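All of the numbers you see were taken from the coordinates with simple rules; none came from a lab. What you are looking at is a predicted structure, and each value in this text was computed from that prediction instead of being measured. Virtual Cβ from ideal backbone geometry, glycine too; neighbours counted across all protein chains shown.
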Amino acid sequence: MEQNPVTANGSPDLAVELGPLRLKNPVMSASGTFGYGEEYSNFVDLRRLGAVVVKGISLEPRAGNPPPRIVETPGGMMNAIGLENVGVEQFLSLKLPYLRELSVPVIVNIFGNTVDEYGRLAARLDGTPGIAAIEINVSCPNVKKGGMVFGTDPAMTGAVVRAVRAKTSLPVITKLTPNVTSISEVAKAAEGAGSDIISCINTLAAMAVDIFSRRPRLANVFGGLSGPAVKPVALRCVYEVTRAVKCPVIGLGGITSATDALEFLLVGASAVQVGTANFTNPAVTVEIVEGIKRFMEVEGIGDIKSYIGSLDTSCLFPFAEDSCSLIESEMS
Amino acid sequence: MDKIIEEARIVEQERILGQIFRLRLHSPKIAGAARPGQFVMMRVREGTDPLLRRPFSFSRIYAEKGDFEILYRVVGKGTRLMSGLLPGASASLVGPLGNGFELPAAGSAPLAFIAGGIGIAPLLELIERVMARQKGAEDLRLFYGARTAEELLPEDFVRMPGLRVHFSTDDGSFGYKGRITRMFEDVMAEGAFRPSGIYSCGPLAMQYNVAKWALANDTLAQLSLESLMACGIGACLGCALPASTPEDPGAERFVHVCKDGPIFSAGSIKWNKILSQQTVPPTWPSN
């Protein structure tokens, strides 16, 4: 494989391009695990991140689900927070200014109960200084269609993306749920409707119960599974989606280290998001940036873009010569 | 208030009795900033199981030595691993977290401290601080109960000059037989002691009874509440409790134990909206 030489000043180039979105490195926080950024300011220099993806925002403030909302499972955790958030107006007036001051690219994750709500959110955010992109969360139920989750249906996903696309000139990212038969089909629908970028995966639908009280562990009964346990599923989804669409893909799901992040880049993600790992190690995002840089230095990779999607899935038979000669000898 | 990630060194590990342990850690930055009622998120080892940190309140703070102690009961995998830590080993901490107790005005009126089980932990440091600034004449009482005598710290652990201790066990194996809050109500009914303030820590069912009494008797109570939590720093929003909203009683709002608490006033929680799942002691199913 061709190796790009390390750049002139000896420092590897971590910058990535995701269509219209340019980031100084491929590492960002995942929505819902990083608050509005400020929560982590004691632990990381937020300016060192490729971008900060903030907690999902709705038109109106939401109280969220009754507790218990979280539960730990082997190698992971489940949550049913219920999209508790301050609402778009308070986000813009109270939360965004802090991040804007730092000039870190801010990606605003949005969700609505109807297609129209998504469109109104996009319109409200459009033209606001300090916002780098919009990430559409299609993993919430459509109240008008009997609670069916938007992201589980390609047509409904397309409708949401179109509504957002029509109301903003910002780069649009669509965050896909893995709880579908074919994530590629949903990805294609999102791309076709004008999504500039796809991010995947959101949490896996899951459940935990208590054998003594005979009750679900979560008040909501179901929750979303995240953490290292979901990483292999996420990698497979990213692999499939990168081969189904032409637009860039952001990979996430169980990333806790630079190695994990590089795996996603290797299979084809142009950038990654780090979620649950922030809870265990609040400094993990910047540690991953540093880890990727070290890997590139050691491996002599000058430009991270050359590593993205460089996975080799061709079949090699290292002992083929021997087997050939064996066959030849049998034939003679 | 800055939150810190610090690699702590284990100074002492002692099994006090049964499944209850005392762990002393050298963690100068966190110990220097810690206040009674606050907590740390602790991780004993790298890896994915257990995945999340566990919250522990400060049971003693020795700021000048750079040390603090926690008291814990082994209930599952995380705490079992913790009980195997030997002096010299290290553990990763994030802290100090949460609001902490508001100390009473110096030399003020009678105070009641109510502890259920391992809930004694944050009250030990609090009582120490309160005693240090009192004049000695005040009526300070600790109501300390557990399920059984085997889960009650030895008397010398909680006895301090000038502090009157009332013990109870649910099974009557030591002290008053019955719930700690029942004993507290009995003592109140006698009329000789009337606290101007209550500090309490223990299971949610106990805290509910403390809150109910405090509200009915117009007494200020500071409750140290617990919850499962993933981050401890207000990001995951997992440690929610239903909040009372006096201005709009029908409104649904949640407070978060890690950043709005863990110390709450009796009236700030909407007790009738707490689900029974929440009253299960916070242990993890993978334990």
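The figures follow:
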| read-out | value |
| --- | --- |
| Computed E for A:T181/B:A192 - FRET, C-beta separation, R0 51 angstrom, nearest 0.05 | 0.10 |
| Unmatched cysteines, chain B - criterion: no other Cβ of a Cys under 4.7 angstrom | B:C201, B:C239, B:C258 |
| Chain A: DSSP helices with Cα axial extent of at least 24 Å and average Kyte-Doolittle hydropathy no lower than 0.5 | none |
| Residue order, fewest to most surrounding Cβ atoms within 10 angstrom, among B:I233, A:I288 | B:I233, A:I288 |
| Net +/- balance of residues flanking B:S59 in space, Cβ distance below 9 Å, scoring K and R +1, D and E -1 | 0 |
| Antiparallel content of DSSP bridges confined to chain B, in %, to 5 | 60 percent |
| Trypsin sites (Lys or Arg not before Pro) within segment B:93-135: DSSP coil, no more than 12 neighbouring Cβ in 10 Å | B:K135 |
| Peptide A:71-83, shielding by other chains (average Cβ, 10 Å cutoff) | 5 |
| Gain on full stretching of the segment that runs from A:V209 to A:S93 - 0.36 nm per residue minus C-alpha separation | 37.7 nm |
| Around A:L83: net Lys/Arg minus Asp/Glu count, Cβ-Cβ under 9 Å | +1 |
| Fraction of antiparallel bridges per DSSP, chain A only, in percent to nearest 5 | 40 percent |
| Pairwise FRET efficiency - A:R48 versus B:W271, Cβ, R0 = 35 Å, nearest 0.05 | 0.20 |
| MRE, 222 nm, helices only [DSSP H, n ≥ 4, -39500 (n - 2.57), over chain A, to nearest 500] | -9000 deg cm²/dmol |
| Added length on full extension, which subtracts the Cα-Cα distance from 0.36 nm per residue, B:L220 to B:M131 | 30.2 nm |
| Whole-Å distance, taken between Cα centres, linking segment A:176-250 and segment B:171-191 | 52 Å |
| Share of Cα-Cα pairs in segment A:14-121 lying beyond 20 Å, as whole percent | 48 percent |
| Low-density loop cleavage sites - GluC sites (Glu not before Pro) in segment B:24-108, where at most 10 other Cβ are within 10 Å (DSSP) | B:E46 |
| Per residue, the convex hull volume that the Cα atoms of segment A:124-171 enclose (Å³) | 80 Å³ |
| Estimated [θ] at 222 nm from DSSP helical runs (n ≥ 4, -39500 (n - 2.57)) normalised by residues in chain B, nearest 500 | -5500 deg cm²/dmol |
| Highest average packing first - A:36-47, A:303-314, Cβ atoms within 10 Å | A:36-47, A:303-314 |
| Residues A:S31, B:S227, B:S200 arranged by fewest to most Cβ contacts within 10 Å | B:S227, A:S31, B:S200 |
| At most 11 other Cβ within 10 Å, DSSP loop - trypsin sites (Lys or Arg not before Pro), segment A:139-246 | A:R214, A:K246 |
| Rg/Rh ratio calculated on Cα atoms of segment A:16-331 (Kirkwood radius) | 1.02 |
| GNM top mover of B:G232, B:G202, B:G175 - chain B, alpha-carbon springs below 10 Å | B:G175 |
| Cβ-Cβ FRET estimate between B:E185 and B:K65, R0 fixed at 30 Å, reported to 0.05 | 0.15 |
| Between segment B:47-112 and segment A:60-85, the alpha-carbon center distance in angstrom | 25 Å |
| Percent of alpha-carbon pairs separated by more than 33 Å within chain B | 19 percent |
| Neighbourhood net charge (13 Å Cβ-Cβ; Lys/Arg +1, Asp/Glu -1) for A:P282 | -3 |
| Hull volume in cubic angstrom per residue (convex hull over the Cα atoms of the protein assembly as shown) | 201 Å³ |
| Within 10 Å of each Cβ in A:278-286, the average number of Cβ atoms from other chains | 5 |
| Sequence of B:S268, B:S173, A:S270, A:S29 once ranked by neighbouring C-beta atoms within 10 Å, starting from the fewest | B:S173, B:S268, A:S270, A:S29 |
